[in-house]
Amino acid sequence: MDTAEWIKTSREARGLSKAELAKALNKVRGISYGGCTGHSVYRWEAGLRKPAEWMPFLLQVLGAPLPSYRDLTPCSAGTTAVDEGVDPVDRRVFLGAWAVMGLSVSIAAPAAAAKGQRLGEADVQRYSQRLVELRRLDDFSGGSSVYPLVAAEVMDLSNAAHHGSYTEATARSLLSVLAELYQFASWVAFDSGRIQRATKLAQSASAAATQAGNRTLASTALSELSYITASSAETKESVSMARASLANAPKDVLPAVEVVLADRLAWACARTGDTQGVDYALGVSERAHDRRDIKAVAEPDTVYWINRDESKIMAGRCWAELRKPERSLPVLESLKVPYDDSHAREVSLYQSWLAGSYMDSGDLDRAVHAADRALELSKGTSSKRLNSMLDDMLTDFTPHKQEPKVRQLLGTWTM
């Protein structure tokens, strides 16, 4: 599909006239007089003119997914020339980063210092270290408060990479860091209730990682997408994605990465009611842990949180989702949560799964105690995902509202 056909097809799919598309483009670009007109759109669609500098705004208004960039006519940004050996698509990925994040062009305006800057390994390490810090911040704060910080980091990197100069090797490294940022942004967007944005970011992470030649990162991004999808109505699709993430991972993938992929497959199977699938995936995860224990190797920060207790929590959560308290409770009760109360979101989630399993087993006293603790801890974090799950938990208690302790719980937390 060429640029002209893409514009027309995308515009018509959204029910926009040429004049309406022009108006929307002017709005996101911040132009109140002059600028794009309906006749401009007509000339683009007729192939008489190229959108050139309007391409980033078309991508935002028409909502093009990142992988389609390679199918479009390159835009002329009028900035630093492409370095020898660097594929031009790299710069278009960076140019479109603000649209992927869902930011307005006024927020995404490039800093003057980015123009002409020479980027190297030190810059790659600086962005990587900042991502490490943001991941740790999310552990304590929750997605709603961290998402704006991640968005700002994406914009800083994308502006520097689009307007700067660098070698081919640095280009691949920057793409990998961008993919990691997208993947982390997908997680915090999901945690903060931005489901559609989270999906797009996970797709973009996979695309950027693939272009960078980073198969491991592409696989983990796909597994991130499966995890998000498992929380939607398309649960069967999440299983296909999770299986593909395992199949597409390099044969020598690190055991810790395989644990992540397998645990997410287990969750996708649990969401579809596939008990055998959960058993299989948890077995893959356990064997990967065994290999990890045999030989210690350097691991990327993307898996810093992986340990056996985390996988046990996932196992317990899967059996809780399948309403099998006889399997979930022995797991959840036997382990010490690898966090203290400063990690309010994680401990609250754990207590909510414990509450559900106690309720399914008929132990309302313990269920109420765990639920109350989960709700109390939720005050210390900014996670819409957690809040939604706790709302569902309270709804599950309503059939027992005649019980005094349940009535007190509902009265305290649903007022």
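Check which residues have an amide H placed less than 5 Å from S165's amide H, if you skip close sequence neighbours.
Q117, R118, L119
With a 1.4 Å probe and every protein chain left in place, tell me how much accessible area D274 has, in Å² to the nearest 10.
Ignoring ligands and nucleic acids, D274 comes out at about 50 Å².
My understanding is that a pair violates if its Cα-Cα distance is over 29 Å; which of K379/K405; K23/K236; K236/K405 do that in this structure?
K23/K236; K236/K405, as the Cα separations exceed 29 Å there.
Throw me the Rg/Rh for the stretch 126-210, computed over C-alpha atoms with Kirkwood Rh, two decimals.
Reported Rg/Rh, Kirkwood definition of Rh: 0.98.
Quantify, in whole percent, the carbon and sulfur part of the accessible surface of the stretch 183-263 (1.4 Å probe; protein heavy atoms only).
Solvent-exposed carbon and sulfur of the stretch 183-263 make up 50 percent of the total.
Using label points projected 7 Å from each Cα along Cα→Cβ, tell me how many nm separate R366 and I195, to one decimal.
Using points 7 Å along Cα→Cβ, the separation is 3.2 nm.
Between the stretch 187-218 and the stretch 343-360, what is the separation of their alpha carbon centroids in Å?
For the stretch 187-218 versus the stretch 343-360, the Cα centre distance is 27 Å.
Could you state how much accessible area Y358 has, in square angstrom rounded to the nearest 10, with a 1.4 Å probe and all protein chains kept in place?
In the full protein context, Y358 sits at about 20 Å².
Kindly report, to the nearest 10 Å², the accessible surface of C36 as traced by a 1.4 Å probe over protein heavy atoms only.
Its heavy atoms expose roughly 10 Å² to the probe.
In whole percent, what relative contact order does the stretch 156-242 give with Cα contacts below 8 Å and a gap of six or more residues?
Result for the stretch 156-242 is 24 percent.
Between E121 and R287, how high is the FRET efficiency from 1/(1 + (r/R0)^6) when r is the Cβ-Cβ distance and R₀ = 45 Å? Nearest 0.05.
Efficiency for this residue pair is about 0.80.
Give me the one-decimal nm value for the distance between modelled label points at S145 and I294, 7 Å along each residue's Cα-to-Cβ direction.
4.3
By how many nm would the segment from E376 to T412 grow when fully extended, if each residue of separation counts as 0.36 nm and the alpha-carbon distance is taken off?
My answer for the length gained is 11.9 nm.
Once you keep just the Cα pairs under 8 angstrom separated by 6 or more residues, what percentage relative contact order results for the stretch 238-293?
Relative contact order, the stretch 238-293: 39 percent.
The values are calculated or read from the model by the stated rules, or taken from the named source; none is laboratory data. Keep in mind the model is a prediction, meaning the values are calculated, not measured. When we count neighbours, we look across all protein chains shown, and the Cβ atoms used for this are built from the backbone with ideal geometry, even at glycine. Accessible surface is based on the protein model in full, side chains and every heavy atom, while ligands, DNA and RNA are left aside. Shrake-Rupley method; radii C 1.70, N 1.55, O 1.52, S 1.80 Å.
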